[in-house]
1. Which one of these is in contact with a helix residue (DSSP H, G or I) (Cβ under 9 Å, 6 or more places away or on another chain), surrounded by fewer than 24 Cβ atoms within 10 Å (Cβ to Cβ) and within 23 Å of residue A:421 (Cα to Cα): A:54, A:37?
2. Tell me the residue from B:222, B:182, B:207, B:132 that is modelled with pLDDT under 75 and closer than 22 Å to residue B:241 by Cβ, please.
3. Just to confirm my filter: which helices (runs of 4 or more DSSP H) fall fully inside the range B:342-416 and include at least 2 residues that are crowded, with 18+ Cβ neighbours inside 10 Å and under 15 Å from the mean Cα position of the chain (by Cα)?
4. Please determine, by comparing only the residues of the range B:79-125 that are among the acidic types (Asp, Glu) and surrounded by fewer than 22 Cβ atoms within 10 Å (Cβ to Cβ), which one is modelled with the lowest pLDDT.
5. Within the range A:382-389, can one find any residue that is at pLDDT 95 or above, over 29 Å from residue B:22 (Cβ atoms) and buried (at least 22 other Cβ atoms within 10 Å of the Cβ)?
6. Among the residues of the range A:776-806, how many are among the charged types (D, E, K, R) and surrounded by 18 or more Cβ atoms within 10 Å (Cβ to Cβ)?
7. Within the range A:771-792, can you find the residues that are modelled with pLDDT of 90 or more, assigned to a loop (DSSP other than H, G, I, E, B) and either of a type in the set (D, E, K, R) or touching a strand residue (DSSP E or B) at 6+ places or on another chain (Cβ under 7 Å) (or both)?
8. For residue A:559, are the conditions met, namely being assigned by TED's automatic domain parsing to the domain that holds residue A:512 and surrounded by fewer than 23 Cβ atoms within 10 Å (Cβ to Cβ)?
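The values are calculated or read from the model by the stated rules, or taken from the named source; none is laboratory data. Because the structure is predicted, anything quoted here is derived from the model rather than measured. Cβ: placed from backbone, ideal geometry, glycine included. Neighbour counts: every protein chain shown.
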Amino acid sequence: MPGQERNNPKAFLSGLREILGDDGLLTDDAARFVYSRDASHLTLGRPLAVALPRDESQLRRVVGLCRTVGVPVVCRGTGTGLSGGAVPGHGALVVGTSRLRDLGPVDSIQRRVRVQPGVLNDGVSRHASPSGLHFAPDPSSQSAASIGGNIAENAGGPHCLRHGVTLQHLVSLDWSDSAGRAFNTGRAVPAERGLDLVSLLCGSEGTLGLVTSADLKLVVDPAEVATLLAFFPDLEDAAGAVVGLLGEGLAPVAVEMVDQAMLLAVEEAFGFGFPTDVAVAMIIEFAGQPEAVAEDSGRAGGFMERHGASEVRRAADDSERDELWKCRKKAFGAVGRLAPNYVTMDVVVPLGELPGLVREIQVIKVQHGVEIATTFHAGDGNLHPGVHYDERDPDQTRRAHAAADAIIRAALDRDGSVTGEHGVGIEKLHVLPWQLDRETARLQRGIKDIFDPDKILNPGKLHPPADADFAALKPVPAEIDFHWANLTVSAPADASLAQLQQTALERGFWIPVGALAGDEGMGLGRGTTVGNLVAELLTGPALCPAGTARDFLLELWAETGDGRLFHAGAPVFKNVAGYDLVHMLCGSGRVWAQPRAVTFQLRPVPESLGYWRFQLPSDEQQEVTLLERLVEYLTGRHGSLGGPMMIVDAGTGSVVVLIPGRSRPWDLGQIGEDLANLLGTPAEHIELPFNRATEILKAELIPGWALNSSDWTFLCRLPDQEPGAGFRPAGMGRLIWQSTPRLIWSPDPETSHPGWHADRFYSGGRVQPPVAPAEGVPFDFLIRMKTLFDPSAALETPEWMEGRDG
Amino acid sequence: MADPRAHSPITELNHLDELLRQCVQCGLCLPHCATWLATGNEVQSPRGRLLLLGEMIRSSGTETDTNATPNAFLQAFDECIGCRACETACPSGVPFSLLEYGQLRAAEIPPHRLDLPVPAVPGAVLRRMDQPGFLEFLSQVAGLVRGVLTLVAGKTWRRRLDRGPAGTGRLVRLLGSLPTSPRSDAELVRMLDGLCGRETQRRNGLPHDVALGASDNPSAGPRVAFFRGCANSGLLSDTSRRFRDLLSASGCRLEEPAAQDCCGALATHTGRPGRSADLRRRNRDVFAGALNEGTVIVAEAAGCSHELKEYGDEFRTGVVDAVVLLAGLDLPPLGSVPLRVAYHDPCHARHGQGIVDEPRMLLTAIPGLEIVEPIEPEVCCGSGGAWGLRYPELSDELGRRKAADLAATGADLVVTSNPGCLGQIADGLRVIAPDVPILPLTDLLWYAVLIRIDSTRS
């Protein structure tokens, strides 16, 4: 019995020692003291001991032993977290991942690398740098923070503005459940449908399982980077300028701000020589193709000057850029120079609310008589106000914490979230109920019970008490509602996606899941609803998507099988307030819950679309070689606003190539030349405004089957297949190849091809339920989740689930 | 001038507490700390040690009582190499003097209270480590044994013996990590010629005084008082001689006060503050005259120059590290050395004195040479003087980690400027990359000068 053995720590410790060896278990006073602290300055108690496993099997066996004995497990990377997520309670076992540091080989074709959780964030990029790749999430603690910790907290960082948070860079996770069982949960297929456990585990703060290794996505180092530094005499003007800049449709990779108080601290620490008589220093960075970067950064600089900047500088070279970033990234540590103690928040608000919140923080500062220094991930609406105090002064301490709570209230009043990056941990347990509704909190606790029935995984974190005073359910949007300043759109599930996209496209924005037009037919011309997009992840083949619904979904209202409405997420670009039900449910069909309404992020639309049609050679071998070279070329031309695609039609012996870009000699002009070198003179070529492309393309330019087929299967090459087997299954004559997500769509019913994953998406015009998940997935958890969300099995139940027990 | 440490306000607990509050516990120091990198144990990290120090101060109230402090707390400070990489990395400006304070506390306690992996090195040996004669003797024995082992077991002897029983491993390590550089000029020239792919025969047996010659303008350079350093004079006396030749050839007017003694760093490291204070007093007297005349004191080893600067303000400004001095001199013309070279920064230079650019400037000045940078230039090699004798396994692991990082740059040659690092990395390289040699930076510079003279003569 757990209770009995818990009273016999000696036997437990010797059991641990047997697994870990003497060197792997720390029980001395110094270790128990040091591991009771982390960067949050919060404490709960002294741990019983610290385990430092050397391999994944040791880690799982340790967790398994803790489960049998009933000892809590607190997983820890390097203790750089700011919400107390890695702080152990009294008598817990800390499991440190610092000895799990294996880095796998970099797969430069698939742009992936497999790493163990103790590898440092920086270490991944260093490792990938010879291949011209890097790991995009870049929290300010990246030099010391571990990948395991990044995953547990779903870490962000300045460059998330372009690349997204940690979740968007996970391919798959190997993890241990609370019983020490090994699972692999992943997305071998870029558009795998079903309950997305990667989204659930990422950001779950060690309360559901322990990651033992992760398959990470890497991104290509940009050819050119331009970094601007703008100074503003007024803080609110600066915040307004950020909203305006993004509203112009410019797509910087990062927009960061440091306020005057923070600037003074950094200047004192490092003496960079920045002016300290300004209210804000802002960093704006563009990256990518040199000409595009030059054009965009020129426009951004001009925009800032017209909107209140007193000075705009441009980093002349890499070392100047490093200096600018050092100013931003070392700001947190430099606050040690301002006061002995501080509360740092990470509230996030819808982009358009940023100037208002900035104004309100000034008021709070005066009202509570406190000093506040702030750094901003301004482009994300995410800010880190730090309230400074000296804990030796009780009144000052009380005022500082009151001011912090007031700032969090202010963010929530503006439809924000209590935490965008740092997590709930123990720090935000008292404020999380201000944001979550009762039903969402109940589901979150239910998930915890399924994954960790004995409550041994990081107990006392992330979940507020069940009897807390939770927020009221946020009203469900009744109609399509664009929030242009926030760059978001809310819509009920039954709204027409085509209609929504059309309105957005006219303003120069879209949800980049591919453009659609009309309400008839399938494929490129198919109409669907917003709810279908969320449930099904994809819309079928669509025009030049830059990702799936999961990449752009921010907020979800849904109904459980027994008719309970709940609301998850927030209309903000980063949010780690509790389990990520939004992304977990996106693409899960209507098996666990029914979408009722959503909020999506809007992104700038590509300026133009290049259309080329080439006649293919009649010789089959020649054709295969040409198409393979074309695929290689298109993969390299992948942009962030929309992905290239091609339509191969054996019937007419032609290939249509569609590439979003700019109508400039250096962009679509150059691409045209490259294509001509590859495939000869095109039979037809036009460049059209992207936002009108679907209307024009419906006419005779696209093969009829691509627009009208009522059957679609998507195929994806399975990992670990021999290279050189071709980019498509042999003999497939009609297909649509899409670069993002990298899929092939086939209208032909014959879909079984060795080495390929095939998902019968539409059949006879109806979307098919998700296929059975791959092995390595915890079926029992999936089925118990079904019982949690749909206790009476009122929603659809896929065949693979029937007859299985939870 | 009194010993700054003995009268440092840091012994006042209030002041300590105030300094400790500068640490925001962000953890950015962790990846720069060699002992954390090697063990993954946060007790052996700067943040962990600062947390422990805070607890020691707070729980004792007035004075940190070493006897009342749990052994594990003190052990954490004993395990700190003292490389100061954390101080360089810290964004909050937490001074290293805090950890140094903890180290001094740990040094006060009897060794039997610490959990040391090896029985303490006999005091009789430790006490002699600052005596050049004894070091010279050790070095000759080590050289002999290394020679025999190479004959018997071939070039990979070190790697082979590594797999032997633990006892032999430690002995081999001790022999392997004693710093060494070619004794005769001919041997050095032959070795570098070989690396550069040059013919050597003609220069065999070249007498050193002919090699460099005096400066064309002997009164142009600064007046320099030469500080010998025990490891350099005992183990690397020929390198030391070549360094002085280099200075003379660059126009320096050299003097070498005879009564000088060890700088005292070793005595501090081995827990003998009394001896250390004696040595400081003696050296201060010996060099006082030179300082008054505006002569700069140059120390060849980064460890010595760092320690001498701690003597007081006039030494802080009057002492210059060899690499910094050389970088500011009008060196004789340098010949081409077409090699890829990685420089290892001694912690006493990089973290202790902020010396980063100077050695690289010197290397860049050599025609044909390409500098390659390791991934972790700021991480300690794990030598740590007497520390390496107390924690041989940890020291070994760090030496190999460093050797692997340096070898991964694809360097043909590694250079450094501190005897401890030289021996430690040589030992690591013998295991990790036996084909990559390591030399003192000054020996490489000496060779570059020689090559140029040689080419103009031929």
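1. One residue alone meets the criteria, A:37.
2. B:207
3. Here the list reads B:347-350, B:386-390, B:392-407.
4. Per the criteria, the residue is B:115.
5. no
6. Adding up the residues that qualify gives 3.
7. Of everything in the range A:771-792, just one residue is modelled with pLDDT of 90 or more, assigned to a loop (DSSP other than H, G, I, E, B) and either of a type in the set (D, E, K, R) or touching a strand residue (DSSP E or B) at 6+ places or on another chain (Cβ under 7 Å) (or both), namely A:790.
8. yes
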